[in-house]
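Chemist: Just passing along the structure, written as structure tokens.
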Amino acid sequence: MSAPNIETIVSLAKRRGFVYPSSEIYGGLGSAWDYGPMGIELYNNVKQAWWRWMVYERDDIEGLDSSIILNRLVWKYSGHEETFHDWLADCRKCKNRFRADKVGKLVSEKDGKPVFEFGDCPSCGSHDWTEARAFNTMLRTKLGAVADDDPAALAYLRPETAQGIFINFLNVLVTSRRKLPFGIAQIGKSFRNEVTPGNFIFRTREFEQMEMEYFVKPGEDEAAHQEWIDAFHTWFQGIGISSANLRLYEQPKEELAHYAKRTVDIQYRFFPEREDEERQWDELMGIANRTDFDLKTHSKKPEDAEGKRLNPDSTEDLSYFDEQTKQRFYPYVIEPAAGVNRTVLALLMDAYSEKTNDKGETRVILKLHHSMAPIKVAVLPLAKNKPEIVGMAKALKRSLQPVVRAVYDDTGGIGKLYARQDEIGTPFCVTVDHQSLEDEAVTVRDRDTWEQERVKVSDLTVYIKERLTS
Ligand code: ATP
């Protein structure tokens, strides 16, 4: 079977309650999606796996949850007010507007502006482009009961969670008594007024990020950077994404953000249907070496000789004092930044498979990693009009649910019930039949092989737990 494209996933996602188009009864809202009962389980599994790995299983990372709306000065000194923009280009023929870097290649820079070499318009095929121009993608809002045009009330919805971490660097350092190297992790919503959102949950204006800022001594940054690149490459495979669909992409100099010394993206093959192999890949996460830019720029002291990062508004110096060397300096920062939504999309695409049963019918099986599956086990009665079978099945579901996410379902024939669980990626189905009433055993069916095994009810919880983690 060829790899599924995003359209296949959109239809499965709606049919099985993973993701719905938002505001659908009012015609939808471009680029907004709602996560249904299965979707939110998968979504939470991604976030929990990340948090567990980052914060619980390591010794050097603390968690944080900062505000979405921050003092506007944060965005002034971070550089976002001035530079957080996309470059837009319009097709003169069909009047469609695109992100310049998506329809063209950045070739050079002139007078501080990027110069793109454009291809043909993806909408109409013409080759008549306007010049690229900047568009700030921070979403604006107003705080307080003020006049609409009062500039003092202007605020932004954060476009990244990172800045909330930098401005809390000293708070976390002091309250958790940390020494370098250490990191601060945060998961939360970010907002970007994307020029061309699309491709389902790949690019939306509201999305969630899992970011961690890892603070190190200058000089130790390059090695730490490489370690995080390798660690995340492995982590994605550990939650079930095949290595064949992942690759590392070294950002060339001209693509690097102004603060970055080096950035490596982990890309996923989100667009397998595209003929041009290079265009099949897009960013799943970015891992940047942000140098000491952020801590310096938010510090009250002027730092560089030209006075470029002079900050008269901050009340704190975010430098670090090394007790051993008795030196004060600004730590370097390594930032692994991943999107929850893109991870969910990659997991769904990677898990999608089709299998033909012995009646010649094609079934969809979502071969999600066990840890990511929304439901771990479904308990199904073979006959729903037999109260003893139904009673035993419901009791089994209740005995499993404190240990794993379990459901009971009797809303169809057994073939249909199996198919439904396969489509949402449930690793195991437990079937209670007539014989179960006599031998106190049930049939456990494996999602991937469709093989069935008879298991004693008294062993079931331990059996399921072991199979889930093996
Ligand atoms: P892109 O080049 O695709 O716009 P980016 O380089 O601007 O992404 P980062 O600022 O590095 O993205 O953000 C880190 C991660 O946040 C991305 O790798 C992606 O997973 C996620 N992300 C960024 N923008 C969006 C968006 N509009 N919708 C969904 N996820 C996003």
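The values are calculated or read from the model by the stated rules, or taken from the named source; none is laboratory data. All values derive from a computational prediction rather than experimental measurement. Virtual Cβ from ideal backbone geometry, glycine too; neighbours counted across all protein chains shown. Calculation scope for accessible area: heavy atoms of the full protein, side chains included, ligands and nucleic acids excluded. Shrake-Rupley method; radii C 1.70, N 1.55, O 1.52, S 1.80 Å.
Chemist: Taking only C-alpha pairs under 8 Å that are 6+ residues apart, what is the relative contact order of segment 40-142 in percent? Before the final figure, lay out each step's value.
Modeler: Numbers: 108 pairs, mean separation 25.5, N = 103.
Once divided by the residue count of segment 40-142, the mean separation gives 25 percent.
Chemist: May I pose another question? How high is the relative contact order of segment 375-469, in percent, counting Cα pairs under 8 Å that sit 6 or more residues apart?
Modeler: Numbers: 157 pairs, mean separation 28.1, N = 95.
The value is 30 percent.
Chemist: Within the chain, which cysteines find no other Cys whose Cβ is under 4.7 angstrom from their own?
Modeler: Within the chain, the cysteines lacking a partner Cβ under 4.7 Å are Cys429.
Chemist: Using the Karplus curve 6.51 cos²θ - 1.76 cosθ + 1.60 with θ = phi - 60°, work out ³J(HN,Hα) for each residue of segment 461-470 in order, rounded to whole Hz, and write x for Gly and Pro.
Modeler: Using θ = phi - 60°, the values come out as 4, 5, 4, 5, 4, 5, 5, 5, 9, 7 Hz.
Chemist: How would segment 336-384 be classified by its alpha-carbon gyration tensor: rounded, prolate or oblate, with rounded meaning a/c under 1.5 and the a/b versus b/c comparison settling the rest? Write out the running numbers ahead of the final one.
Modeler: On the way: a/c = 4.15, a/b = 1.67, b/c = 2.48.
Oblate, since a/c reaches 1.5 and b/c is not below a/b.
Chemist: Something else now. Cα axis of helix 6-15 to longest principal axis of the chain: angle in degrees, 0 to 90, nearest 10?
Modeler: Long axis of 6-15 versus the principal axis of the chain: about 50 degrees.
Chemist: Further question on the same structure: Over the chain, what is the relative contact order in percent, taking alpha-carbon pairs closer than 8 angstrom and at least six residues apart?
Modeler: Values: 879 pairs, mean separation 60.3, N = 470.
It comes to 13 percent, rounded to a whole number.
Chemist: Output the 0 to 90 degree angle, nearest 10, between the alpha-carbon long axis of helix 387-400 and the longest principal axis computed from the alpha carbons of the chain.
Modeler: 30
Chemist: Summarise the accessible area of segment 231-341 (1.4 Å probe, protein heavy atoms) by the percent that is carbon and sulfur.
Modeler: On the way: 2400 of 5300 Å².
Result for segment 231-341: 45 percent of the exposed heavy-atom area is carbon or sulfur.
Chemist: What does the highest-first list of 346-355, 51-60 look like by mean Cβ count within 10 Å?
Modeler: Values: 346-355: 20.5, 51-60: 13.9.
Result, highest mean first: 346-355, 51-60.
Chemist: With a cap of 16 neighbouring Cβ atoms within 10 Å, and only residues DSSP puts in a loop, list the trypsin sites (Lys or Arg not before Pro) found in segment 168-220.
Modeler: Answer by residue number: Arg177, Lys179.
Chemist: Any chance you could check the Cα centroid distance between segment 58-75 and segment 206-267 for me, in angstrom?
Modeler: 19
Chemist: Put +1 on the Cβ of each Lys and Arg and -1 on the Cβ of each Asp and Glu in the chain; which of Ala419, Ser31, Ile287 then has its Cα farthest toward the positive end of the dipole?
Modeler: The listed residue farthest towards the positive side: Ala419.
Chemist: Given axes a ≥ b ≥ c from the Cα gyration tensor, I'd like to know whether segment 85-136 is rounded (a/c under 1.5), prolate (a/b larger than b/c) or oblate. Provide the component values of the computation, followed by the final result.
Modeler: Numbers: a/c = 2.19, a/b = 1.60, b/c = 1.37.
Prolate shape, in that a/c is at least 1.5 and a/b is the bigger ratio.
Chemist: What is the sum of charges around Ile464, taking Lys and Arg as +1, Asp and Glu as -1, for the other residues whose C-beta is under 13 Å from the C-beta of Ile464? It would help to have the intermediate numbers written out before the result.
Modeler: On the way: positive: Lys376, Lys397, Arg405, Arg445, Arg447, Lys456, Lys465, Arg467; negative: Asp446, Glu453, Asp459, Glu466.
Counting the neighbours of Ile464, the net charge comes to +4.
Chemist: Based on the Cβ-Cβ distance of Glu81 and Ala32, what FRET efficiency does E = 1/(1 + (r/R0)^6) give at R0 = 25 Å, to the nearest 0.05? Could you put the intermediate results ahead of the total?
Modeler: Numbers: r = 25 Å, r/R0 = 1.01.
Result of the calculation: an efficiency of 0.50.
Chemist: Only four residue types carry charge here, +1 at the Cβ of Lys and Arg and -1 at the Cβ of Asp and Glu. Report the dipole size of the chain about the Cα centre in Debye, rounded to the nearest 20.
Modeler: Numbers: 64 positive and 75 negative charges, 199 e Å.
With only Lys, Arg, Asp and Glu charged at Cβ, the dipole is about 960 debye.
Chemist: Which shape class, rounded, prolate or oblate, goes with the chain when its Cα gyration tensor gives a ≥ b ≥ c as root eigenvalues, a/c under 1.5 marks rounded, and past that a/b bigger than b/c marks prolate?
Modeler: Numbers: a/c = 2.25, a/b = 1.60, b/c = 1.40.
It comes out prolate by the Cα gyration axes.
Chemist: With runs of 4+ DSSP H residues as the only contributors, calculate the mean residue ellipticity of the chain at 222 nm using -39,500 (n - 2.57) per run, divided by the residue total and rounded to the nearest 500.
Modeler: Details: 14 runs with 127 residues, N = 470.
Helix-only estimate at 222 nm: -7500 deg cm²/dmol.
Chemist: Then there is this: How much of the accessible area of segment 375-469, probe 1.4 Å, is carbon plus sulfur, in whole percent?
Modeler: C and S fraction of accessible area: 52 percent.
Chemist: Using a 1.4 angstrom probe, figure out how much accessible area segment 85-136 has per residue, in square angstrom, rounded to the nearest whole. Mind dumping the intermediate values first?
Modeler: Details: 3290 Å² over 52 residues.
For segment 85-136, the solvent-accessible area averages 63 Å² per residue.
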